[in-house]
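Novice: I'd like to ask some things about the structure below.
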Amino acid sequence: MEVIRFADRRVINILGEPKVCIGEDKRFIKNCLYIDVDDGKVIFNGLTRAIVFIKNDELDKLGDINTYAFLYKNYFFVNEDFDEYLAFEKIRQLLNVPLDDIYLNHPFAFTIITTTKCNARCFYCYENTLKNKHNMSEETALKVAKYILDACPQNQKASLTWFGGEPLYNAKVINIICDYLRDNGKEFSSTMSSNAYLFDERLVKKAKNSWNLEFVQITIDGLEEDYNRIKNYINKDQISPYKKVINSINALLKENIKIDIRINIDPKIINDNPDYYVNLIKELNKLFGNSLTIYVFPLFDDHKKRSDEENKVLFSYMCYLEDLLNNLKYSTKAPHDNLRVNHCMADNSTSIIIDQDGNFSLCEHYIDESFSNIDNPCKKDKEIIGTWKEYLTNRELCEDCPILGECHALLKCPSFGSCNPYEKEWNILKYVNGLNRYYQTYKSDIKLSNPSQIC
């Protein structure tokens, strides 16, 4: 047996190191991922985060407590009456940040909505219902910059995310905030969600050098004709919008700015044209190779209208695309080293969203639910904040789930506020592929550190 990664000690400290007695009936914990590799299995423990490799000829010898003590002391083996679900709940309750008077007082991650206006007219955009779309003013931008300087811990680099609408529609406030932080000696980096249409070589260089832009997420939902139809840009140049965005991506990559392409999967399309997204992925791979990352995600089902059969078809197709991406060597979900006790920026106490009017919220899908404001940031609506600490509880689905320690789905989340067996299968597959990639990287690192092993 080989230990690839040790356990998250916080988990062991909370649950206590098991006392192992010879002759006790034990079973494997339910929350494990198993993958067949080489002449054995890689096993990932979703509770303790430990990863081991066990040869096939060792699998029938695991009852030897002395030889395989690691498996017993790190909760690979547990008592018959061990309750995995309650163990996860106990750990989350003890490690999660309490809603006290200092909650969110010292964030270091700031998602800044520069504008709710956009140059695209995507039919599925959740912001279509927003009224009175407008830009952040220069005055508000300066207040935001001063707030970041005051609120972010002194020795902590500020992490900025530019969001919209289309954030580049109001780039001047990005300049104001970045210039102020730099002039006052505050370290920062930034990322952006953008359609990338407004980027050109000049703006890309500015983003790299002045905004410290490191990463951009860009949505591409079809090949040229379909992309142009779905985006339905206003104020278009003569060049095809699709080609213009492809040029923008190349300009960003040239400056070593990382790109993540998101493909929103429309269930209606996969029924009519199953090759639609396959052809898109292959085209993007042809254009960019592995110089960027690509991931797929279903269109939001905000009102949970999809039937069980529709979910089955959709997520079976998602699994198909996931395997395609994996075969093309695009990065996928690698299991975190430490057990996650929060879901995302909405419930982690270090991140806030600041909208175009200076209102604070916790999720970009709920910017109307503000809990505070730039003019009085210490006055917080704990009732609104508390709604982002309510988690999906479904023992039937979660109890034996190997990625329970990655999930912690928030009830309010439009993406993860519910689960079904088919979606669960898709999410698990991403981590199976990720674990495989993790193991292959581990093997490569071992060979590099010990060249004699290389044939």
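Novice: To the nearest Å, what is the center-to-center distance of the range 216-240 and the range 136-207, using C-alpha atoms only?
Specialist: Centre-to-centre distance over Cα atoms comes out at 25 Å.
Novice: Quickly rank 62-70, 360-368, 260-268 as a protection proxy: mean count of other C-beta atoms within 10 Å, highest first.
Specialist: Details: 62-70: 13.2, 360-368: 19.9, 260-268: 16.8.
Per-residue mean Cβ counts within 10 Å order the peptides as 360-368, 260-268, 62-70.
Novice: With the cut-off at 1.5 for a/c, could you classify the range 228-287 from its C-alpha gyration tensor as rounded, prolate or oblate?
Specialist: Values: a/c = 2.36, a/b = 1.36, b/c = 1.74.
Oblate.
Novice: Can you give the FRET efficiency to the nearest 0.05 for N420 and Q440, using r as the Cβ-Cβ distance and R₀ = 30 Å?
Specialist: On the way: r = 31 Å, r/R0 = 1.03.
So, using R0 = 30 Å, E works out to roughly 0.45.
Novice: Whole number please: convex hull volume per residue, Cα atoms of the range 313-355, in Å³. Kindly include the intermediate steps, with their values, before the conclusion.
Specialist: Values: hull volume 6.8 nm³, N = 43.
Roughly 158 Å³ of hull volume per residue.
Novice: Taking 0.36 nm per intervening residue step and subtracting the Cα-Cα distance, what contour gain separates K268 from L223 on full extension?
Specialist: Details: separation 45, 0.36 × 45 = 16.20 nm, distance 1.65 nm.
Taking K268 through L223 to full extension adds about 14.5 nm, to one decimal.
Novice: How do 146-156, 345-355 rank on mean C-beta neighbours within 10 Å, highest first? Intermediate values should be presented prior to the final figure.
Specialist: Details: 146-156: 14.7, 345-355: 21.6.
By packing density, highest mean first, the sequence is 345-355, 146-156.
Novice: Once both labels are modelled 7 Å past Cα along the beta-carbon direction, what's the F70-R182 spacing in nm?
Specialist: 4.8 nm
Novice: Modelling each spin label as a point 7 Å along the Cα-to-Cβ direction, I'd like the D83/N96 distance in nm, to one decimal.
Specialist: 1.7 nm
Novice: Amide H of T114 versus every other amide H placed in the peptide plane: which residues, excluding those fewer than 5 positions away on the same chain, fall under 5 Å?
Specialist: Sorted by chain and number, the residues that satisfy this are F163.
Novice: Let me know the Kirkwood hydrodynamic radius for the chain, please, with Cα pairs as the basis and the value in Å to one decimal. Write out the running numbers ahead of the final one.
Specialist: On the way: mean 1/r = 0.0411 Å⁻¹.
Result for the chain, one decimal place: 24.3 Å.
Novice: Compute the Rg to Rh ratio over the range 1-136 from the alpha carbon atoms, using the Kirkwood formula for Rh, and round to two decimal places.
Specialist: Details: Rg = 23.3 Å, Rh = 19.0 Å.
Ratio of gyration radius to Kirkwood radius for the range 1-136: 1.22.
Novice: Amide H of V37 versus every other amide H placed in the peptide plane: which residues, excluding those fewer than 5 positions away on the same chain, fall under 5 Å?
Specialist: Long-range HN contacts for V37: V42.
Novice: Could you compute the FRET efficiency for D308 and N247, with r as their C-beta to C-beta distance and R0 at 41 Å, rounded to 0.05?
Specialist: Numbers: r = 43 Å, r/R0 = 1.05.
The value I calculate is 0.40.
Novice: Moving to a separate point now. Is the C-alpha gyration tensor of the range 361-455 telling us rounded, prolate or oblate? Criteria: a/c under 1.5 is rounded; beyond that, a/b larger than b/c is prolate, otherwise oblate. Spell out each step's value before the answer.
Specialist: Working: a/c = 3.86, a/b = 1.87, b/c = 2.06.
It is oblate, given that a/c is not under 1.5 and a/b is not larger than b/c.
Novice: State the answer as a single residue: which of I367, F77, T161 lies farthest towards the positive end of the charge dipole of the chain, with beta carbon charges of +1 for Lys and Arg and -1 for Asp and Glu, about the Cα centre.
Specialist: Farthest along the dipole direction, towards plus: T161.
Novice: What net charge do the residues around L325 carry, taking every other residue with its C-beta under 15 Å from that of L325, with Lys and Arg at +1 and Asp and Glu at -1?
Specialist: Values: positive: R262, K282, K286, K329, K333, K430, R437; negative: D260, E283, E322, D323.
After counting each charged neighbour, the total is +3.
Since every read-out is calculated from the coordinates, none of them should be taken as a lab result. Remember, it's a predicted structure, so these values are computed and weren't measured experimentally. Glycine gets a Cβ as well: all are built from the backbone with ideal geometry, and neighbour counts include every protein chain shown.
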